[in-house]
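Right, one structure below, let's go through it.
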């Protein structure tokens, strides 16, 4: 099989620009809102229950592995069919735009604990803290993207049951890891999961996904 055919099989041509746009939107929402609201007053939603959650540096592995899970989940959703791609990416777009609005209307932060030097994988947690500042926390984009990847395969008989079970367990594990690394608080996790589900249902039961698909189909055909 030649390279063009392999590329087409991995990511169909109709889904390449929409996937790139989804990535650009994620970067813009996450970093753009930090640039805009960086000096604004930020609110800490940490509760006593959050402070009772143990700090487990080794769960940083799960937190970082989420990025691999998303790459696989987004590609699987797009390559399945146009209809699958449009619903998934429309839900993703809606959720990211809502997150952007919330990040600006309710900027949030939290106070991270010192990294325990002797704990397993403490270096990974220190790296995470260095790379990611405690802003844009509510809702959790980590939880939003992970739940959306599970929602896409949930109930699909064409997807192996083992992967469907894994997707659910991993999405939940990602949510837990955001707490045990003190990247997020419980409110962030709940809001991220809830927003993903709401956007998934919205894309599936309104004309949102059809409108989203029509825009990309016209752009691909070079029509206004």
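Quick look at the values:
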| quantity | calculated |
| --- | --- |
| Residue in the stretch 176-187 that is without any contact (Cβ under 8 Å) to a residue 40 or more places away in the chain and in a helix (DSSP H, G or I) present | no |
| Given (1) crowded, with 16+ Cβ neighbours inside 10 Å; (2) farther than 29 Å from residue 106 by Cα; (3) out of contact with any helix residue (DSSP H, G or I) (no Cβ under 8 Å at 6 or more places or on another chain), number of the condition residue 167 does not satisfy | (3) |
| Residue identified as touching a helix residue (DSSP H, G or I) at 6+ places or on another chain (Cβ under 6 Å), in contact (Cβ under 8 Å) with a residue 40 or more places away in the chain and closer than 20 Å to residue 75 by Cβ among 196, 173 | 196 |
| Where residue 135 falls short, out of the listed (1) assigned to a helix (DSSP H, G or I); (2) touching a strand residue (DSSP E or B) at 6+ places or on another chain (Cβ under 7 Å) | (1) |
| Residue in the stretch 27-39 that is over 23 Å from residue 156 (Cβ atoms), at pLDDT 95 or above and either buried (at least 19 other Cβ atoms within 10 Å of the Cβ) or in contact with a strand residue (DSSP E or B) (Cβ under 8 Å, 6 or more places away or on another chain) (or both) present | yes |
| Close pairs (6 angstrom Cβ cut-off, 6 or more residues apart or separate chains): on the phi > 0 side of the Ramachandran plot in the stretch 91-117, assigned to a loop (DSSP other than H, G, I, E, B) and surrounded by 18 or more Cβ atoms within 10 Å (Cβ to Cβ) anywhere | none |
| Failed item in (1) in contact (Cβ under 8 Å) with a residue 24 or more places away in the chain; (2) under 30 Å from residue 52 (Cβ atoms); (3) surrounded by 16 or more Cβ atoms within 10 Å (Cβ to Cβ), with residue 202 passing the rest | (2) |
| Matching option when the condition is modelled with pLDDT of 95 or more, in contact with a helix residue (DSSP H, G or I) (Cβ under 7 Å, 6 or more places away or on another chain), surrounded by fewer than 17 Cβ atoms within 10 Å (Cβ to Cβ) and farther than 17 Å from residue 183 by Cα, among 104, 89 | 104 |
| Odd one out for residue 24 among (1) touching a residue at least 12 places away in the same chain (Cβ under 8 Å); (2) under 17 Å from the mean Cα position of the chain (by Cα) | (1) |
| Hey, residue 214 closer than 16 Å to residue 84 by Cβ, without any contact (Cβ under 8 Å) to a residue 60 or more places away in the chain and assigned to a helix (DSSP H, G or I) or not | yes |
| Of the criteria (1) loosely packed, with under 14 Cβ neighbours inside 10 Å; (2) within 27 Å of residue 15 (Cβ to Cβ), which one residue 131 fails | (2) |
| Filtered residue count, the stretch 41-86, keeping only those that are farther than 28 Å from residue 159 by Cβ, surrounded by fewer than 14 Cβ atoms within 10 Å (Cβ to Cβ) and out of contact with any helix residue (DSSP H, G or I) (no Cβ under 8 Å at 6 or more places or on another chain) | 6 |
| Flag if residue 159 is loosely packed, with under 13 Cβ neighbours inside 10 Å and assigned to a loop (DSSP other than H, G, I, E, B) | no |
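The values are calculated or read from the model by the stated rules, or taken from the named source; none is laboratory data. What you see is a predicted model, and the numbers here were worked out from it, not measured in a lab. Ideal geometry is used to build each Cβ from the backbone, glycine not excepted, and the neighbour counts take in all protein chains shown.
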